[in-house]
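Below: one structure, written as structure tokens.
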Amino acid sequence: MSSKRITWKSCILILGCYKIKCPLEESEKHVLKEGGSFQRLSMSDATSTSSSTQAINVEDLSISLAGSKLYTFTLEELREATHNFSWSNMLGEGGFGPVYKGFFDDKLRQGLEAQTVAVKRLDLDGLQGHREWLAEIMFLGQLRHPHLVKLIGYCNEDEHRLLVYEYMTRGCLENQLFRRYSAAMPWSTRMKIALGAAKGLAFLHGADKPIIYRDFKASNILLDSDFTAKLSDFGLAKEGPKGEETHVTTRIMGTHGYAAPEYMMTGHLTTKSDVYSYGVVLLELLTGKRVVEKSESNRGRSLVEWARPMLRDQSKLNRIIDRRLEGQFPMKGAMKVALLAYKCLSHHPHPRPAMSDVVKILEPLQDFEDAFVGPFVFVAENENGIKENSRGRTLNIHPFKFILTLGHFARNDSLI
Ligand SMILES: Nc1ncnc2c1ncn2[C@@H]1O[C@H](COP(=O)(O)OP(=O)(O)OP(=O)(O)O)[C@@H](O)[C@H]1O
Ligand SMILES: [Mg+2]
């Protein structure tokens, strides 16, 4: 489910994906080992034992990541865990390659707690390569937070590059929010996800050595069984500006629609670039619409341009809030969220709030109780012969527009 991606390979020609072929950018060459409570290794630490044109080997990696508690798996172990990477175990596919559901028990790897995992396998003919794999390990191997997906281990065998994560039962936000034939995601769930993802970003930005995530989007927010949001995919993450620097200059990468306008124009990256992308996801949560529409008819329309002017006008709010919510949201709370999205989507980075402020704004907006929408919508004719649902709303019945999904009646969003 990957959106159109601006990638390393769309900028430079990489000759092989098992070697670090792209020279490191200037700003990546610093070894970040200064004091502080948490000494995080940087990308350059991982490459310091080998020249940038040599393949990094397992020994280099395990030395660099000693203490990170990551498991090193063999390809054979991952084959077994995923039923030989069978099609039926496939969870999805992005720019890095396919993702499979797998299972580890004590027989497969002693000492590793029995658990379901997600195994991401680098597509050797794909758009990404060793560098993204390495960045994922360097960042996620060292960072632990309730709102970052847990990396369990990796595999580095010949040209094969794989990553093993905790399994996130509900997959990604993109699939949950935009799924067509299922009940609409309730307001309280949307707010829980918005807060969780904001906490993940605030953690990265607030680290001793701040991290710019650079690829914040609905498909990179994974959801637990209780809709706890966790950020995944650190392949494009970068260390933030240091000392007197105001920004990091990078090649332009990210995902169309989510990338901040000033970053797209100049390549100047700051934590405020992530705040813009966060605003886009917040807008998607409010409207239930994708920033980049996949359907032919809506291609080319800009969700941000269309919705942003209405975000600070209460009288227009109903026009943009997801109709599938059927009005089940708190008007005051929605107004605050809309204003927040408006600020995050500022064209200029300066007026955008810090992610720590976003967290503070969202925290008090978590207590809305969605009206119970039971497994059935009871439809009966009233004395005038007009069909009403159990909430007394008039229905425009179309026999093919009700779809039964796992005991729930979900309504096609074009119905009312
Ligand atoms: N840890 C996980 N647990 C459960 N499902 C996962 C996990 N990681 C990824 N997935 C599933 O695999 C799909 C592909 O994920 P992936 O991150 O590779 O691609 P993407 O985010 O869709 O695209 P992109 O390459 O642009 O990031 C996701 O949409 C999600 O459904
Ligand atoms: Mg992803």
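Please sort 177-186, 269-278, 246-255 by packing, taking for each peptide the average over its residues of neighbouring beta carbons within 10 angstrom, highest first.
Per-residue mean Cβ counts within 10 Å order the peptides as 269-278, 246-255, 177-186.
Around Q366, what is the net charge, scoring Lys/Arg as +1 and Asp/Glu as -1 over all other residues with Cβ under 15 Å from its Cβ?
+1
Given points 7 Å out from each Cα along the Cα-Cβ axis, report the H256 to K242 separation in nanometres with one decimal.
Spacing of the two 7 Å Cα→Cβ label points: 3.6 nm.
What is the sum of charges, Lys and Arg at +1 and Asp and Glu at -1, for the other residues whose Cβ falls under 13 Å from the Cβ of Y278?
+2
Arranged from highest to lowest average of other beta-carbon atoms within 10 Å per residue, in what order do the peptides 71-82, 321-332 appear?
The peptides rank, most packed first, as 71-82, 321-332.
If I stretch the segment between R180 and L339 completely, what's the gain in nm (0.36 nm per residue apart, minus their alpha carbon distance), one decimal?
Once the chain is fully extended between R180 and L339, it gains 54.5 nm.
Looking at segment 191-290, what % of the alpha carbon pairs are farther apart than 21 Å?
30 percent
Please compute one quarter of the surface area of the Cα convex hull for segment 168-208 and express it in square nanometres.
Orientation-averaged projected area of the Cα hull: 3.5 nm².
Counting alpha carbon pairs within less than 8 Å and at least 6 residues apart, what relative contact order, in whole percent, applies to segment 141-258?
28 percent
With 31 Å as the limit, write out which pairs from K294/K360; K120/K343; K69/K230; K107/K238; K120/K294; K316/K360 have Cα-Cα distances beyond it, or answer none.
Flagged as over cut-off: K294/K360; K120/K343; K107/K238.
Net charge around F329, counting only other residues with Cβ within less than 9 Å of its Cβ (Lys, Arg = +1; Asp, Glu = -1)?
Taking every Cβ under 9 Å from that of F329, the sum is -1.
Output wanted: per-residue J couplings in Hz (rounded whole) for segment 233-247, from phi through Karplus 6.51 cos²θ - 1.76 cosθ + 1.60, θ = phi - 60°, x for Gly and Pro.
6, 9, x, 9, 4, 9, 6, x, x, 10, x, 7, 4, 9, 7
Mind giving me the nanometre distance, one decimal, between the label points for R170 and Q366, set 7 Å out from Cα along Cα→Cβ?
Taking the two extended label points, one gets 1.4 nm.
Throughout, read-outs are computed from the coordinates displayed, never taken from laboratory work. In this text the structure is predicted, and so the values were computed from the model without any measurement. FYI the Cβ positions are ideal-geometry reconstructions off the backbone, even for glycines, and counts take in every protein chain you see.
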